[in-house]
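In what follows, a single structure is set out as structure tokens and then discussed.
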Amino acid sequence: MTTLTDTTPTPTPADERPTLLRAVQDTPTSLWNDSADLTELAASIEFGAVGATCNPVIAYTVIKNDLDTWAPRLREIADANPIAGESEIGWLAVEQLSIEAAALLEAEFEASGGRNGRLSMQTDPRLHRDAAALVEQAVHFSSLAKNIIVKIPATKTGIEAMEEATYRGVSINATVSFTVAQAVAVGAAIERGLDRRTAEGIENHEFGSVVTLMGGRLDDWLKAVVKRDHVMIDPGHLEWAGVAALKKAHHEFVARGYRSRVLSAAFRNHLQWSELVGGDLVVSPPFSWQVDINAAALPVENRIDVPVDPRILESLAEKIPEEWHRAYDVDGMTLDEFERFGATVRTLRQFLDADAQLDALVRDVIVPAI
């Protein structure tokens, strides 16, 4: 008697992991949350986040949006520091916020040996002209928790500070950085700092340093240039500029053997995540973008080595040659030119304004209007 065997293939179970979690579990690409808000960060960790960031805009927004929590804490800080001004009180609040966020990431910090599990704190933007002051604040922030990483602007002064801070044992996250030239210059400065430690017999632990390239803010600047100069260009091409710069910077880091990683920030479209998946780098979308990416069930594909359409690059080079050269070429700007790049000026001014707004918020709490 012949027994018939059922040869119907067993259906493959559906992968029910959220999109972002699949990406971080199945590829070398790491996810950070672009905020130190504790509620958002806890949820982002469930999506696979292994890092988070804070800057003046983020800190001001978190405190302003939760004054039920932060107004009493600001008054407590003021009472404990009776001669402190509004700025000092505000920055002490930022320190509290950052320490609490860093604690949520400690387990990942330990598990990864320090490569991940990092909370970024940004140096005071009012110090952007003073390398020594940036270094001293970076060393101080680094002492607040073992998994703090410190953000310093990618200007000539900031890059000088990053090399020295690295030498002094600080993990670095470059900020106010938009171009391949800036990213490569920062990566080289971090290498010099590490090499100085080695030359002096100082042990090099896992620093976990990253070099942010704010792709969306690069897109914003190029769109402003196009509008200012009345340039007719396919508007869709401007959505790819930051992606192209991020891909190129990442490949430059790999080719040069830099020990830091590129970080994608300032999201304006999902390409600034989906086109980078597969690279040993960091993507840091705001929490709202993470929710939307998961809800859309975007495919997880290894796209890091897929070039941006050459026609798009040719269009950018033809229509806005001067700004595109600055943004995309490794030698597009000198160190001295970083500080006057349009996106740098706009972003520094925004950070400085956020500092002023935080000062005003603290003033309203400790010296309320009658």
Span per principal axis, largest first, for the Cα atoms of the chain (Å): 95, 56, 54
Two-site FRET efficiency, Glu46 against Asp66, from Cβ-Cβ distance with R₀ of 22 Å, rounded to 0.05: 0.60
Distant-in-sequence amide H partners of Val210 (H built 1.01 Å from N, under 5 Å): Ile172, Asn173, Ala174, Arg261
Backbone HN-Hα couplings from phi across region 345-360 [Karplus 6.51/-1.76/1.60, Hz, Gly and Pro as x]: 4, 4, 6, 4, 5, 5, 5, 5, 5, 5, 4, 5, 5, 5, 4, 5
Cα pair distances in region 51-120, grouped into 5 Å bins until the bin that holds the longest one, percent each: 4, 17, 23, 20, 15, 11, 8, 3, 0
Table column - 3J(HN,Hα) (Hz), region 239-250, Karplus curve with 6.51, -1.76, 1.60, x for Gly and Pro: 6, 9, 4, x, 4, 4, 5, 5, 4, 5, 4, 4
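For a distance above 29 Å, tell me the whole-number percent of Cα pairs in region 76-231 that qualify. Write down the numbers at each step before the final one.
Numbers: 2973 of 12090 pairs.
Distances greater than 29 Å cover 25 percent of the Cα pairs.
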Distance from region 233-273 to region 155-219 (C-alpha centre basis), Å: 18
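What is the gain in length, in nm to one decimal, between Asp26 and Val367 on full extension, counting 0.36 nm per residue of separation less the C-alpha to C-alpha distance?
Working: separation 341, 0.36 × 341 = 122.76 nm, distance 5.22 nm.
Once the chain is fully extended between Asp26 and Val367, it gains 117.5 nm.
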Residues with amide H under 5 Å from that of Gln122, placed H, sequence gap 5 or more: Cys54, Lys151
Angle between the chain longest axis and helix 180-199 axis [Cα atoms, degrees, rounded to 10]: 70
Mean projected area (nm²) of the alpha-carbon convex hull when region 132-201 is viewed from all directions: 4.5
Radius of gyration and Dmax over the Cα atoms of region 294-370, both given in Å: 21.0, 62
Highest-MSF residue in the chain out of Leu31, Leu358, Leu119 [GNM, Cα springs under 10 Å]: Leu358
Under 15 Å, Cβ to Cβ, from Ala84 - net charge with Lys/Arg +1 and Asp/Glu -1: -4
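Coordinate-derived values only; no laboratory data. The shown structure was predicted, so the numbers you read here are calculated from the model rather than taken from an experiment. Backbone-built Cβ (ideal geometry, glycine too); neighbour counts: all protein chains shown.
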